[in-house]
1. Quick one: length gained pulling Ile205 to Lys152 fully straight, 0.36 nm per residue minus the C-alpha distance?
2. How would you order 111-120, 301-310 from highest to lowest mean count of nearby Cβ atoms within 10 Å?
3. Please compute the contact order of the chain in relative form: average sequence separation of alpha-carbon pairs under 8 Å and at least six residues apart, divided by the residue count, as a percent.
4. Give the long-range amide H neighbours of Ile11: residues separated by 5 or more places, or on another chain, with amide H under 5 Å away, using H modelled in the peptide plane at 1.01 Å from N.
5. Rank these for me by crowding, Val135, Val262, going from fewest to most other beta carbons within 10 Å.
6. Scan around Asp201 for amide H atoms under 5 Å from its own, H built in the peptide plane at 1.01 Å from N, and keep only partners 5 or more places away or cross-chain.
7. So what J values fall out for segment 67-73 if you push phi through Karplus, 6.51 cos²θ - 1.76 cosθ + 1.60 with θ = phi - 60°, rounded to Hz, Gly and Pro as x?
8. Per-residue counts of other Cβ atoms within 10 Å, averaged by peptide: what ranking do you get for 235-244, 89-98, highest first?
Amino acid sequence: MGDENFFSRKIPRGVGWLYTLGSLSLFLLSLQLITGILLAMNFSASPEQAHASIQYIMEQVPMGRLIRGLHKWGASLMVIFVTLHMIRVYFMGAYKYPRERTWVLGVFLWIVVLMFGFTGYLLPWDQKAYWATTVGTHLAAQVPWIGPSIAKVLQGGKTLGAVTLTRFYAFHILVLPLFLFSLTGIHLFFVIQQGISAPPDREKIPQDSHWKERVKNRYLELKSQGQSFFPYTIYKDILAVFAVFLLAFALALWSPAGLEEVADPTDSNYNPRPEWYFLFLFQALKFFPGSLEALAAVLLPSLALGLLVLLPFLDKGPQRHWWDRPWVTGLGVTALAGVIALSVMGWRSPRVNPVVKEDPQVVSGRALYSELRCYYCHSIRGKGGVTAPDLSTVGARRDRVWLLKHFEDPAALSPGTVMPKLHLLPEEMSRLAAYLETLGGGGPYSPKAPGLFQKNCSSCHALDSRGESLGPDL
């Protein structure tokens, strides 16, 4: 033992390709660090510039489209390989003595990796980013007692805006990297100190007062029968890393990261979908309507994470083979099958809002409303500022003539208003008026409306084929 160094140390007999998953996760972390730094050098974290800066990266920065594609696919691959690494450790019982601390750190590392995906999602400030993050912050608000405070810390206000984007960017490039690199360093220290776990076997070790000593002796026996880390094990890591890099490179070329239209907080017809690794949670929410939503959004995931953290202390003993741990193996297979099934269902689930072809002038007017940042002061269906009149029903209260005159000279129609002159072209004013004219009916929007319908109306009425048929379909 004393003559061994990092490269000459023996690796236990039977260590194969599945053990490269940890090295692949570390490589993808490095890839994300490099591509993230290159992207940050050209990114502006403000609602006015974020979307345009992403366009600039993709169109003007040398290899910018490739770099962004590598960062996007690197994130997905990192989630995949970190998860596979945890699955391998779980089913091989490698979280048991003496590697309990290594497992607990790995669980927290997995959470941090998912948080990277969540915080990075908003940064392009396009439609998909804005609305998917809106759904995510809504889920965070479901945490009992502290949920609203968590959502307020994330958003910096009641709705997503400039403060939200700044905070997500700070979390993504400052806070989370601090946790990630600290946890990774400690995790690697434990892996090197304790050695790579041996594959489980069926040898029965009696669980008496000396079982830990027998486990150590068995590990040393398997280690003495193995080969050195260099060159016999490291070549597998190198080949696996090369293959995964080629995969990420090919995906970045053939399916580059997309960019939708700039975020429009007033577009209530957009169908938000989370990133694929949150689809299982997205689908699970559909089985827990109304007040039960917090159960799927918070309680069940928290319970699952708690069990993962406590696993080494609940499943003790020397036996590591999956056949010798039927309850743990069965629970793992069931949970894994459930997550996969929910993810597939979420992927295939129909859109919530039907796609209705709109008047091009209305679509253009909505984009202009967003471009002018009217939502900083005005609110539409509960989204936007509160310092100016709510526009949710402006189309029912004002005709086109009034709207056009108001755009031309706000103070003439509304003395004392703080709204500045917009200096718009006649064609632009016409587009903006066309959009506002569509905001005409139904009364002010209430976020409580879906829950009220589910609680008081759905037992008799159906809405979009959901509900009962005792009363008219609404």
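1. Values: separation 53, 0.36 × 53 = 19.08 nm, distance 5.26 nm.
Contour length minus the Cα-Cα distance gives 13.8 nm.
2. Working: 111-120: 19.7, 301-310: 13.3.
Listed from highest to lowest mean packing, they are 111-120, 301-310.
3. 19
4. For Ile11, the qualifying residues are Gln227, Ser228, Phe229.
5. Ordered by Cβ neighbours within 10 Å, fewest first: Val135, Val262.
6. Arg320, His321
7. In residue order, the calculated couplings are 4, 5, x, 5, 5, 5, 6 Hz.
8. 89-98, 235-244
Every read-out reported here was derived from the displayed coordinates using simple, explicitly stated rules and does not represent laboratory data. Everything quoted here is computed from the prediction, not taken from an experiment. With ideal geometry, Cβ positions are generated from the backbone for all residues, glycine too; neighbour counts draw on all protein chains shown.
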